[in-house]
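Comments concern the structure below.
No lab work stands behind these numbers, since they all come straight from the coordinates. No experiment lies behind these values; they were computed from the predicted model shown. Note that each Cβ is placed from the backbone with ideal geometry, even for glycine, and that neighbours are counted across all protein chains shown.
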Amino acid sequence: MSMSSRFAFLRRFTLCKALHRGALVLFLVAALLGIRTGDALAGNITVSAAASLTNAFTELKTLFEKKTGDTVTTNFAASNPLLRQMQEGAPVDVFASADQETMDKAAAGGLVDKATRKDFATNGLVLIVPAASTLKIAAASDLKAAEVRHIAVGNPDSVPAGRYARAALTAAGLWETLTPKLIVAESVRQALDYVARGEVDAGFVYATDAAIARDKVRVAATMTGHKPVSYPIAVATAARDAETAKRFVAFVLSPEGQAVLARYGFGKP
């Protein structure tokens, strides 16, 4: 190798070392300042959400991951079983309930950070029948008819939609009369499936559930006589990544997040 070639090689080598040192210094400074640098510092959270949020939160998860580089694992079920999972130590960073009562229990048990609790959506309770049904059902009182044999409803002891339905039927003086006809479901989505498959004559679900199955079910009546259907969200006190969890809650509450919820039929709090 000529002297000029060696000199050029040494210059390139020295420059590469300097660039490497500079990149390393920038990385260390970013780490010390808490600045996220790509996937290396991306968050990873688990979001436990009410079954009625399945479709909306699945889309929110995808958008949030694309926007932030974080990873979100979703866990959908009835609100009370989700609470029980938290009580038993299941890893949860964000909890979204379909009612205030369940979130109240989570807060009383020290399972969520009360300062992060926010209402983010509203819903309505409806009476649905299979799309092909020929039964004349236009109100809850029509369920007393002899030809109406089976009615799907979420378990009031564990499913918020079931509690709303019990309250509505009690207010109408129908709960005791209709109890023998009730087919108890473990989540509002299970109640929806029973009606969509024609396995029952009618059922009680949220308006958003009826909307996603509009080709299989028909809304017969909108229920009243129950507390407003309001959805709260909060960061779990045992969150493994509280900062990412807070960012997800903020995203749900943001105009972009609220637009997604609106597309699935949820109202603003």
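Mind telling me which of the residues A234, A220, A238 ends up being hydrophobic (A, V, I, L, M, F, W, C) and either within 30 Å of A196 (Cβ to Cβ) or in a helix (DSSP H, G or I) (or both)?
None of the other options fit; the residue is A220.
How many of the residues making up the range 86-121 are in a strand (DSSP E or B) and basic (K, R)?
Here the count works out to 1.
So which of G110, G154, G124 ends up being in contact (Cβ under 8 Å) with a residue 60 or more places away in the chain and at positive phi?
G110
In this structure, is A191 within 22 Å of Q85 (Cβ to Cβ) and either in a helix (DSSP H, G or I) or of a type in the set (S, T, N, Q) (or both)?
yes
If E186 satisfies all but one of (1) buried (at least 23 other Cβ atoms within 10 Å of the Cβ); (2) touching a residue at least 40 places away in the same chain (Cβ under 8 Å), what's the number of the condition it fails?
The number of the failed condition is (1).
I need the full set of residues from the range 96-117 which are farther than 22 Å from P156 by Cα and loosely packed, with under 15 Cβ neighbours inside 10 Å, in order please.
G110, K114, A115
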